[in-house]
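The values are calculated or read from the model by the stated rules, or taken from the named source; none is laboratory data. Just so we're clear, the structure is a prediction, and the values are computed from it rather than from any experiment. Reconstructed Cβ throughout: ideal geometry from the backbone, glycine too, with neighbour counts over all protein chains shown. Ligands, DNA and RNA are stripped out before the accessible areas are found, and what is left, the full protein with its side chains, is counted by its heavy atoms. Shrake-Rupley method; radii C 1.70, N 1.55, O 1.52, S 1.80 Å.
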Amino acid sequence: MAWIWGLAGSLLISGAAYWKRSLSLSGMISAVVLGTMMFALGSLAWFGTLIAFFISSTLLSKWKQRRKAAAESGYAKGGRRDAGQVAANGALGLLLCIGNAIWPAPAWWVLFVGVMATVNADTWATEIGGMSKAIPRSILHGRRVTAGTSGGITGLGLLASLLGGAFIGLIGGWFSQMGDANQAISALLTLVAVGAVSGFIGALVDSWLGATVQVMYNCKVCGKTIEKHVHCEQETRQIRGIKWMTNDAVNAISSLVGGAVCLGISSLISL
């Protein structure tokens, strides 16, 4: 029955996102597979945390979309997520869920919270930070950069990343503590704090990788520095970074770092 409930829930949510043009067809299929396996192999806590990330990020991507359009024009991926983006944000979490199903241990869940806190923190930082009136500054040298530049950060974006990580800690803690009222409040608040910290650090790593090793291109037509290999309907020229270090690769690596930070903190405080 778990597979059926997981499939039904994933189809409903992913189908709605596809209808609202938040997911491409490949993204919808990947999301259905991801959600179904997460529910069947994990629990409501694993599935609920994943869905909380997906819904919140989807809603934010649609909020004031026109205002963010200029900043996002150079991003490798737009608001409509494809299979690669779904995998970059959720595949590592699924592997952790599978690991927990085969060799049950609390560490898998803690790693998962850190991974999801990072992808959510990064998404919130991008979506909310993209609406900041302040000019972004490079995470490397602090000088002003054009909106949408990889590695560019704002105060609003940093605050959003903290809140995004805390949100995942809140949702994960609430689901995991259901039915255990005695320690629920303290454990919930602890996970909120750990989620905020691990998500924040993971998002900073994402920005640092984006400013250093992520592959970047120059548009021969408009002259913009962008993440896409095609812009203005023309092939672009690679100007820095590692060829395989795409935006999806950066997301996956930074989420792994966030998971490791979450596990490290939890081991110190015996979460």
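In the range 223-271, what count of residues is obtained for those that are out of contact with any His (no Cβ under 9 Å at 6 or more places or on another chain), in a loop (DSSP other than H, G, I, E, B) and either of a type outside the set (Asp, Glu) or over 23 Å from Gln85 (Cα atoms) (or both)? Here the count works out to 11. Checking every residue in the range 204-222 against the condition of being open to solvent by 50 Å² or more (accessible area, probe 1.4 Å), in a helix (DSSP H, G or I) and closer than 30 Å to Ile171 by Cα gives at least one match. Annotation for the range 146-158: at least one member residue is in a helix (DSSP H, G or I), touching a residue at least 24 places away in the same chain (Cβ under 8 Å) and closer than 12 Å to Ile201 by Cα. Summed over the range 1-34, residues that are among the β-branched types (Val, Ile, Thr) and either at pLDDT below 90 or surrounded by 22 or more Cβ atoms within 10 Å (Cβ to Cβ) (or both) total 3.
Scanning the range 35-50 for residues being at pLDDT 90 or above and either surrounded by fewer than 24 Cβ atoms within 10 Å (Cβ to Cβ) or among the hydrophobic types (A, V, I, L, M, F, W, C) (or both) gives a total of 11.
In the range 255-271, of all residues being free of Cβ contacts under 8 Å to residues at least 40 places away in the same chain and of a type outside the set (Ser, Thr, Tyr), the one that is surrounded by the most Cβ atoms within 10 Å (Cβ to Cβ) corresponds to Gly264. For Ala252, the criteria (1) in contact (Cβ under 8 Å) with a residue 24 or more places away in the chain; (2) open to solvent by 20 Å² or more (accessible area, probe 1.4 Å); (3) over 17 Å from the mean Cα position of the chain (by Cα) hold in every case but one, which is (3).
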